[in-house]
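Asks: Supplied in structure tokens, the structure appears directly below.
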Amino acid sequence: MKAPTLFRVIVLLTTWLPVTGIAAGHAVAEPAAVNAPMMAARVKQQFLHAWNNYVRYAWGHDELKPLSKKPRDWYGQSLLMTPVDALDTLVLMGLKPQADRDRKLIDTKLSFDKNIYVKVFEINIRLLGGLLSAYELTGDPRLLALADDLGKRLLPAFNSPTGLPYRYVNLRTGAVRGVDSNPAETGTLILEFGTLSKLTGNPVFYAKAKRALVATYQRRSPIGLVGDEINIRTGKWIDTDSHISGGIDSYYEYLWKCWKLFGDKDCLAMWHSSIAAVNKYLPDEVDGSLWYGHADMNTGKRTATEYGALDAYFPAVLAFSGDLERAQRLQASSYRMWDLYGIEPEVLNYRSMKVVSPGYELRPEIVESTYYLYHFTHDPEYRLRGQEMFDDFVKYCRTDGGYAALKSVITKRKRDAMESYVFAETFKYFYLLFAPPQTLIFNKVVFNTEGHPLKRLP
Ligand code: DMJ
């Protein structure tokens, strides 16, 4: 186990207290102030370390493998996953020469006319979201043209009897496959598709994504929960396990954010009834700590006491929707999960405090929630926690060739993978936590689930 810092000890000792703050530590000891400009500069420097290695060893490919320093393409040919995912972060960090070079690569080399089946969810959040956000930041019309082309190529995915999207679509032929899906994949489209409709004036994108979102919601159980796996042709549930984790997570996130981005009252109503059910059946109090576990969507009976790196986005959504009390309590639990081994595992059994899945995939969610909570509370402890997590992140994941995932947070053995979301999200949220607020005016944008800020309607 990692030797705890004074701040960690304070948090660990005081999480049982019924406080609404990050933890009762705030009341016990005043933490040392963070030097925010210095931290922002450090984050930028480490981002550049990863980016420069990508440029050197994998330029033009989807990703860099940071241990072997070899490129990786998801589908055998590149869709420029890292360049597109990274572009808005390069712009926000003020790295103009790098951003210009990246934009030129995308403008001249990115083509979606490829005979490959792509995963609709990932391509939507990373590429469509990345292109739209970068277009809004730079005004480069080629980025919007690429987004429009991509959006049209993804549309055949919605041609199912229910309107729920197939999981894969062939970018060239429009052929589809993958009928067993989940709420995250059927309900995480409206921010990107809606923005595409807004920017192109073509309503078809919003309409298809909204129908899929509503179709997911309509299949909730009588007690208001959704399950883990659904057949998109029949609309029947295959797995009735309900939770806020991977496979469902961003469905809830998009119900709320659809309201914030587009002012869509249907989304607001769906959010209200969904969050009421979630808050009734999923929270679990263990020794004064708040966790969100699993329950059966039909009975509400507890099925698992697990929480993980992916679940750690939820405090951000709770805070954004106005529930600061639950947000802060759950965030304190996320920090407990991180502190067990000095970096968070993929899945933890929060009752036994035993690791269920030991990897760390360089995930951003806990940092994202720290950023949101700092934004809403201005509590300096969130910046302090951000600094501590960044130190851990650098200590355990930095390699010569960039940043590497961990096979195990217990042994700290590295894995040869650096997902593109490290550039889109992990570094971006660390940076925004310390950067001056005018770097990105929070109230003027809504982040998609890949950390791409999309402009709100005035
Ligand atoms: C990202 O691609 C997105 O945040 C998605 O919603 C969940 N998984 C990764 C990051 O962990």
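Asks: For residue 104 and residue 442, FRET efficiency with R0 = 30 Å and r from the beta-carbon atoms, rounded to 0.05?
Replies: Numbers: r = 30 Å, r/R0 = 1.00.
With a Förster radius of 30 Å, E is 0.50.
Asks: Tell me, for the chain, which Cys residues have no other cysteine's C-beta sitting closer than 4.7 Å.
Replies: 397
Asks: How would the stretch 111-283 be classified by its alpha-carbon gyration tensor: rounded, prolate or oblate, with rounded meaning a/c under 1.5 and the a/b versus b/c comparison settling the rest?
Replies: On the way: a/c = 2.17, a/b = 1.41, b/c = 1.54.
Since a/c reaches 1.5 but b/c is at least a/b, the shape of the stretch 111-283 is classed as oblate.
Asks: Here is a follow-up. Among the aspartates and glutamates, which fall within straight-line cross-link reach of residue 152, defined as a Cα-Cα distance under 14 Å, with same-chain neighbours fewer than 8 residues apart omitted?
Replies: Filter leaves 113, 192.
Asks: Using +1 at the C-beta of Lys and Arg and -1 at the C-beta of Asp and Glu, which of 333, 374, 437 has the Cα lying farthest in the positive direction of the dipole of the stretch 326-458?
Replies: 333
Asks: Starting from 0.36 nm per residue, how many nanometres of slack lie between residue 218 and residue 276 once their C-alpha separation is accounted for? Don't skip to the answer; put the middle values down first.
Replies: Working: separation 58, 0.36 × 58 = 20.88 nm, distance 1.55 nm.
The residue 218-residue 276 span can extend by a further 19.3 nm.
Asks: Which entries in 208/236; 257/444; 69/114; 70/414 show an alpha-carbon gap greater than 18 Å?
Replies: 208/236; 69/114
Asks: Run the helix sum for the chain: -39,500 (n - 2.57) per DSSP H stretch of 4+ residues, divided by residue count, reported at 222 nm to the nearest 500 deg cm²/dmol.
Replies: Values: 17 runs with 211 residues, N = 458.
Dividing the helical sum by the residues of the chain leaves -14500 deg cm²/dmol.
Asks: Taking the Cα centroid of the stretch 343-399 and of the stretch 251-281, what is the distance between the two, rounded to the nearest whole Å?
Replies: 25 Å
Asks: Which of the DSSP-defined H helices in the chain satisfy a minimum axial length of 30 Å, computed from C-alpha atoms, and a minimum mean Kyte-Doolittle hydropathy of -0.5?
Replies: Numbers: long enough: 36-58 (32 Å, -0.32).
Helices meeting the criterion: 36-58.
Asks: So if I place +1 on the C-beta of Lys and Arg and -1 on the C-beta of Asp and Glu, and nothing else carries charge, what would the dipole magnitude of the chain be about its Cα centre? I want it in debye, nearest 20.
Replies: Working: 56 positive and 50 negative charges, 177 e Å.
That gives the chain a dipole magnitude of about 860 debye.
Asks: Spelling out what I want: for every residue of the stretch 298-315, take phi, set θ = phi - 60°, compute 6.51 cos²θ - 1.76 cosθ + 1.60 (Karplus), and round to whole Hz; glycine and proline get x.
Replies: 9, 9, x, 6, 4, 10, 7, 10, 10, 8, x, 4, 6, 5, 5, 6, 5, x
Asks: Compute the distance from the alpha-carbon center of the stretch 305-331 to that of the stretch 113-172, in whole Å.
Replies: 29 Å
Asks: Please report, in debye to the nearest 20, how large the charge dipole of the stretch 111-283 is about its Cα centre when each Lys and Arg carries +1 at its beta carbon and each Asp and Glu carries -1 there.
Replies: Using Cβ point charges on Lys, Arg, Asp and Glu, the stretch 111-283 gives about 400 debye.
Each reported figure results from applying straightforward, stated rules to the coordinates on display, with no laboratory input. Note that the coordinates shown come from a computational prediction; the quantities given were computed from them, not determined experimentally. Using ideal geometry, Cβ is built from the backbone for each residue, glycine included, and neighbour counts are taken over all protein chains shown.
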